[in-house]
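Just below is one structure, and these are the notes that go with it.
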Amino acid sequence: MAFLDRLHRPEPLITLELRPPRKDLEEGLTIDTWMAMARAVRRVLTHDTALFFTDNAVGAREEENLHHLASNLADDLPRDRVCTFLTTKHTLEYCLWYADRAVTEGYSALTVLGGDTSVGPSRCVPHAFLLRQELRRRHPHLALGGWANPYRSPEQQVGYLVAPEATADFFLTQTVSHYDLDPVARFLEESDRQGLALPGVFGVFYYRSARPATLTMLSQFLHVPAEALTRDFAKGRHADDICAETVRALRDLGVPRVYVSNLRPEDAVERLEAIRARV
């Protein structure tokens, strides 16, 4: 079943987002990470799910996601349920070449987003929809994903997705939390008002701890409920429980599809199964 077909099915979906290994790992650690990633991908794709692979998520120098998958994904695994990220923080020539390779290698979907402007290279186009338009002309059957942040203006964020030039078949959101769901509710209300029909996959961040340095670093890139997280971890709550509570809260709001971010490849499947069991 292709990626976009799975998003359109009514059954709830809890999937995950993985990051490629860093380029600067020592050789032994690199091999261990590759093996852990390969095991995680194989186990995830044997279930009724999908898989996202990021593109330099926080400005770190990472292996190219498509190259990593091509080098380490077994031939019998279903590539049409893997959706890689492509940011505009590359040359336009590279982005077009990347899409050509994705289609040739059997991938059916690609999430195209602008990328954080505060780190890394400059964008090749001012806005992600401009790159999606180029890719749509080049590959009409490739499903293209957009991006939204429910913690920003809902009118603006939904407006980007429903605009005729958006060129999107689905969308993902920035990670959200049950500690601050009012903006998510407003985003959903605005989606109904503007008639947003695209299937969306909402992000849920897996917080392993409430270390102040970590939360401060993460707050540069996403909305972090630091005070509430610190309080719950101090009470002895498990990271699985906190993550599952966000998924349940989203279900209560009518959000059936989520991806879990920040899972380590060596125990990603175990954590994902634990979260599903709690939900």
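Please treat every number below as a calculation from the coordinates, not as lab data. Since we're looking at a predicted model, the values are computed, not measured. All Cβ positions, glycine included, derive from the backbone under ideal geometry; neighbour counts span all protein chains shown.
What distance in nm separates the two pseudo spin-label positions at residue 76 and residue 279, each 7 Å out from Cα along the beta-carbon direction?
The two pseudo-label positions are separated by 2.8 nm.
Using a Gaussian network model of the chain with C-alpha springs under 10 Å, which one of 80, 169, 100 is most mobile by mean-square fluctuation?
100
Going by how many other beta carbons lie within 10 Å of each one, how would you line up 217, 37, fewest first?
Working: 217 12, 37 24.
In increasing order of surrounding Cβ atoms, one gets 217, 37.
What ranking of 209, 108 emerges when the number of other C-beta atoms within 10 Å of each C-beta is taken as an exposure proxy, fewest first?
Values: 209 11, 108 20.
Ranked by crowding around the Cβ, least crowded first: 209, 108.
Cβ under 12 Å from residue 196's Cβ, residue 196 left aside: what net charge do those residues give with Lys, Arg +1 and Asp, Glu -1?
Values: positive: 193; negative: 155, 189, 190, 192.
My count for the surroundings of residue 196 gives -3.
Report, in deg cm²/dmol and to the nearest 500, the calculated mean residue ellipticity at 222 nm for the chain, where each DSSP H run with n ≥ 4 adds -39500 (n - 2.57) and the sum is divided by the residue count. Each step should come with its number before you reach the end.
Numbers: 11 runs with 120 residues, N = 279.
The helix contribution divided over the chain gives -13000 deg cm²/dmol.
Between 19, 123, 231, which gets the highest mean-square fluctuation from a Gaussian network model of the chain, Cα cutoff 10 Å?
For the chain, modelled as a Gaussian network with Cα springs under 10 Å, the answer is 231.
Residue 53's amide H: which non-local residues (gap 5+, or another chain) put their own amide H closer than 5 Å, with H modeled 1.01 Å from N in plane and none for Pro or chain starts?
Amide H to amide H, under 5 Å and 5 or more residues apart or across chains, residue 53 pairs with 18, 83, 84, 85.
Of 192, 76, 55, how do they rank once you tally other Cβ atoms within 10 Å and put the fewest first?
Numbers: 192 10, 76 7, 55 22.
Ordered from fewest to most neighbouring Cβ atoms within 10 Å, 192, 76, 55 come out as 76, 192, 55.
Return the percentage of antiparallel bridges among DSSP beta bridges fully within the chain, rounded to the nearest 5 %.
Details: 1 of 31 bridges.
Antiparallel bridges make up about 5 percent of those DSSP assigns within the chain.
Considering just Cα atoms, how many Å³ per residue does the convex hull of the range 113-159 enclose?
Values: hull volume 4.6 nm³, N = 47.
Normalising the Cα hull of the range 113-159 by residue number yields 98 Å³.
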